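The values are calculated or read from the model by the stated rules, or taken from the named source; none is laboratory data. Since the structure is predicted, the reported quantities are computational estimates derived from the model, not experimental observations. Heads up, the Cβs are rebuilt from the backbone with ideal geometry, glycines too, and the neighbour counts pull from every protein chain shown. When the accessible area is computed, the model is the full protein with side chains, heavy atoms only, and any ligands, DNA or RNA have been set aside. Shrake-Rupley method; radii C 1.70, N 1.55, O 1.52, S 1.80 Å.
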Amino acid sequence: MKLRPVEPGDLDRFFEQQLDPEANEMAAFTAKNPADRGVFNYHWGLMLRDPATVARTIEHDGEVAGSIFLFPDEDARELSFWTDRKFWGQGITTAAVDEILKEFPDRPVRARVVSDNIGTLKILERRGFVKVGESQDFANARAAVVSEDILELA
């Protein structure tokens, strides 16, 4: 696994990855219509043009396995990532989180995770993130209000 800057061609893979219904269900907080390429392009365009946002491609064996980014949120950076489902359970996301936290050591870092996303919660908790809050929000992918844990690495 390696992290590298996002290249224009990566966006096509990111878009394909976000179309996976099971991954959307797990992430919960996704675009209202994941198949809307215009919304996708607009969102990624904003992130890639923002100098305060750090976006990386997760690459595994030469293949785009997902994305990971840190973006400003109030008094901290927020961590977010998406990994293609075919790479789940292989330690690739864990390695990507370790790498970006090493590359950007400023703390605190926060992450938001739907409370039943056990895999992501385990990755973050094993890195030292602790629950500092909870919110109830509408999740497009589930068309329901869900619990979201707010975690922080101090």
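Surface analysis of the chain yields an accessible area of 53 Å² per residue, using protein heavy atoms and a 1.4 Å probe. Computed over protein heavy atoms with a 1.4 angstrom probe, the accessible surface ordering of Trp82, Trp44, Trp88, largest first, is Trp88, Trp82, Trp44. Between segment 119-154 and segment 16-85, the C-alpha centres lie 16 angstrom from each other.
Quote the FRET efficiency, to the nearest 0.05, computed for Gln136 versus Trp88 with a Förster distance R0 of 35 Å and r equal to the Cβ-Cβ distance.
Details: r = 26 Å, r/R0 = 0.75.
The computed FRET efficiency comes out at 0.85.
Straightening the chain between Glu99 and Glu125 buys 7.8 nm, computed as 0.36 nm per residue apart minus the Cα-Cα spacing. The structure-derived value of percent of Cα pairs over 25 Å apart appears in the list [x] 25; [y] 44; [z] 35 under the label [x]. Within the same chain, aspartates and glutamates fewer than 8 places from Lys102 are excluded, and of the rest, those with a Cα less than 20 Å from its Cα are Glu59, Asp73, Asp75, Glu78, Glu125, Glu152. Taking all protein chains as present, what is the carbon and sulfur share of the accessible area of the chain, in % to the nearest whole number, probe 1.4 Å? About 51 percent, which is the carbon plus sulfur part of the accessible surface.
Taking a Cβ cut-off of under 12 Å around Pro108, the surrounding Lys, Arg, Asp and Glu residues balance to a net charge of -3, with basic ones at +1 and acidic ones at -1.
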